[in-house]
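One structure below.
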Amino acid sequence: MDLPLEPASSTPLYRQIVQAVARDIRRGRLRPGEALPGTRTLAEELSITRKVVVTALDELVAQG
């Protein structure tokens, strides 16, 4: 999954993930409800902690 993250940004990493996934859905690159990689896999691919990924996914679920 191609999610460009900017660790030095003032925007938290979890929020960057939320924005990137939402943007990909709006562009049709991801379909609503399409399965994403597992949290451990995604965390490893992005070189971030699983907690950040879980927080992002929780936010996406909350947003519908």
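Calculate the dipole size of the stretch 13-63 relative to its Cα centre from +1 charges on Lys and Arg beta carbons and -1 charges on Asp and Glu beta carbons; express the result in debye to the nearest 20. Intermediate results must be reported in sequence, preceding the final value.
Numbers: 9 positive and 6 negative charges, 32 e Å.
It comes to approximately 160 debye.
Give, in nm to one decimal, the length gained when the segment between ARG31 and GLU59 is fully stretched (0.36 nm per residue of separation minus the Cα-Cα distance).
On the way: separation 28, 0.36 × 28 = 10.08 nm, distance 1.72 nm.
Extending this stretch completely gives an extra 8.4 nm.
Please express the shape of the stretch 13-63 as an equivalent ellipsoid: the semi-axes are the square roots of 5 times the eigenvalues of the C-alpha gyration tensor, given largest first in whole angstrom. Mind dumping the intermediate values first?
Working: eigenvalues 61, 26, 20 Å².
Rounded to whole Å, the semi-axes are 18, 11, 10.
Taking the Cβ of LEU30 as the centre, find all other residues whose Cβ is under 14 Å away and add up their charges (Lys, Arg: +1; Asp, Glu: -1).
On the way: positive: ARG23, ARG26, ARG27, ARG29, ARG31; negative: ASP2, ASP24, GLU34.
That works out to +2.
With the dipole of the chain worked out from charges on the C-beta (+1 for Lys and Arg, -1 for Asp and Glu) around the Cα centre, which of PRO4, ALA20, ILE48 lies farthest toward the positive end?
My answer, from the dipole projection, is ALA20.
Read the figures in this text as sums done on the coordinates, not as results from a lab. All figures in this text were calculated on a predicted structure; none of them were measured in a lab. Cβ coordinates were reconstructed from backbone atoms using ideal geometry, including for glycine residues, and neighbour counts include every protein chain displayed.
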